[in-house]
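> I have a structure I would like to understand better, so I am pasting it below and will then ask my questions one at a time.
The values are calculated or read from the model by the stated rules, or taken from the named source; none is laboratory data. Values in this document were obtained by computation on a predicted structure and should not be read as measured data. Cβ sites come from the backbone with ideal geometry, for glycine too, and all protein chains shown count toward neighbours. Calculation scope for accessible area: heavy atoms of the full protein, side chains included, ligands and nucleic acids excluded. Shrake-Rupley method; radii C 1.70, N 1.55, O 1.52, S 1.80 Å.
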Amino acid sequence: KLGALEAERSQLLADLGTDAAALSAARRSVAQSLAKRVTSELRPLGMSKAVFEVALGEGDLGPYGRDELSFRFSANLGEPPALLAEVASGGELSRLMLALNVVTGSDVPILAFDEVDAGIGGKTARSVGALLKRLAASHQVLVVTHLPQVAAFADAQFYVEKEEQEGRTVTRVRRLSPPERELELARMLSGTASEAAVANARELLAEAAA
């Protein structure tokens, strides 16, 4: 019986090896395409020279095959891609996760982004807002932002404020009504709620809704 079990074990290992090889081939076939698509999504997000790569190495056979997968990233021209976790800043990582989620169609129903607008503004901020809106068509997306160009693309905007109450600091989160939202976007744009700033906020909201 021991001999029969050894033979069965050998056959199962051979079958696993065959399946792992097929899985590796499938991964290699899509790795380059994934890297290319993610890199193209990064271009309008303020990283025109960024490069994203998917590296596959061989490791021990396990439940997910024998591949050792890593993401590599370079934000600047002339810099070779290195391990993403070692070289990406918080803002870069947040925007990269945004691009990955858009490309792969994340199966996580709720997505949260913080610092996605770090170090950007103007046209790039509008591109980030538009991409977040695109992702929100199939997910619930929560975004912490200080940029009106990003906030204008949201379906709902909340105002977070701190106040002292009986010797303690209390944080309140309040959903803004449409008129309040115009005023808040105006303040985010210019620091005041002047007529010109409010008109600018209305224009921004209209363009984002188009």
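> Does residue 176 satisfy being more than 24 Å from residue 74 (Cβ to Cβ), free of Cβ contacts under 8 Å to residues at least 24 places away in the same chain and open to solvent by less than 30 Å² (accessible area, probe 1.4 Å)?
Values: more than 24 Å from residue 74 (Cβ to Cβ): yes; free of Cβ contacts under 8 Å to residues at least 24 places away in the same chain: yes; open to solvent by less than 30 Å² (accessible area, probe 1.4 Å): yes.
Spelling it out, residue 176 is indeed more than 24 Å from residue 74 (Cβ to Cβ), free of Cβ contacts under 8 Å to residues at least 24 places away in the same chain and open to solvent by less than 30 Å² (accessible area, probe 1.4 Å).
> Here is a follow-up. Within the range 92-122, restricting attention to residues that are charged (D, E, K, R) and closer than 19 Å to residue 154 by Cα, which residue is surrounded by the fewest Cβ atoms within 10 Å (Cβ to Cβ)? Walk me through how you get there before you give the answer.
So the first thing to find is which residues in the range 92-122 are charged (D, E, K, R), and the list is 92, 95, 107, 114-115, 117.
Filter once more, so that each one left must be closer than 19 Å to residue 154 by Cα: 95, 114-115, 117.
Numbers: 95: 29, 114: 13, 115: 15, 117: 26.
Across the range 92-122, the extreme among qualifying residues is 114.
> Here's a follow-up. When the residues of the range 123-132 are narrowed to those that are surrounded by fewer than 20 Cβ atoms within 10 Å (Cβ to Cβ) and either charged (D, E, K, R) or farther than 19 Å from residue 75 by Cα (or both), which ends up modelled with the highest pLDDT?
Result: 130.
> Right, next: Give me a count of the residues in the range 113-128 that are of a type in the set (Gly, Ala, Ser), within 15 Å of residue 89 (Cβ to Cβ) and without any contact (Cβ under 8 Å) to a residue 40 or more places away in the chain.
1
> From the set of residues in the range 33-57 that are without any contact (Cβ under 8 Å) to a residue 24 or more places away in the chain and open to solvent by 70 Å² or more (accessible area, probe 1.4 Å), which is farthest from residue 118 (Cα to Cα)?
It comes out as 36.
> Answer yes or no as to whether residue 10 is among the hydroxyl-bearing types (Ser, Thr, Tyr), assigned to a helix (DSSP H, G or I) and either open to solvent by 50 Å² or more (accessible area, probe 1.4 Å) or within 30 Å of residue 116 (Cα to Cα) (or both). Steps first, please.
Details: among the hydroxyl-bearing types (Ser, Thr, Tyr): yes; assigned to a helix (DSSP H, G or I): yes; either open to solvent by 50 Å² or more (accessible area, probe 1.4 Å) or within 30 Å of residue 116 (Cα to Cα) (or both): yes.
Judged against the criteria, residue 10 is a match.
A quick yes/no check of all residues on (1) over 14 Å from the mean Cα position of the chain (by Cα); (2) modelled with pLDDT under 90:
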site: 49; (1), (2): yes, no
site: 55; (1), (2): yes, no
site: 65; (1), (2): yes, no
site: 86; (1), (2): yes, no
site: 103; (1), (2): no, no
site: 111; (1), (2): no, no
site: 118; (1), (2): no, yes
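> Please verify whether residue 202 is surrounded by 12 or more Cβ atoms within 10 Å (Cβ to Cβ) and of a type in the set (Lys, Arg), treating the condition exactly as stated.
Numbers: surrounded by 12 or more Cβ atoms within 10 Å (Cβ to Cβ): yes; of a type in the set (Lys, Arg): yes.
In short, yes.
> Follow-up question, since we're still on this one. Looking only at the range 59-68, filter to residues that are out of contact with any strand residue (DSSP E or B) (no Cβ under 6 Å at 6 or more places or on another chain) and part of a strand (DSSP E or B); which one of those is most open to solvent (accessible area, probe 1.4 Å)?
Taking the range 59-68 first, the residues out of contact with any strand residue (DSSP E or B) (no Cβ under 6 Å at 6 or more places or on another chain) are 60-65.
This time we only want the ones that are part of a strand (DSSP E or B), so: 60-62, 65.
Values: 60: 141, 61: 68, 62: 31, 65: 13 Å².
The qualifying residue most open to solvent (accessible area, probe 1.4 Å) is 60.
> Another question about this same structure. For residue 135, state whether it is touching a strand residue (DSSP E or B) at 6+ places or on another chain (Cβ under 7 Å), surrounded by 10 or more Cβ atoms within 10 Å (Cβ to Cβ) and modelled with pLDDT under 95.
Details: touching a strand residue (DSSP E or B) at 6+ places or on another chain (Cβ under 7 Å): yes; surrounded by 10 or more Cβ atoms within 10 Å (Cβ to Cβ): yes; modelled with pLDDT under 95: yes.
It is true that residue 135 is touching a strand residue (DSSP E or B) at 6+ places or on another chain (Cβ under 7 Å), surrounded by 10 or more Cβ atoms within 10 Å (Cβ to Cβ) and modelled with pLDDT under 95.
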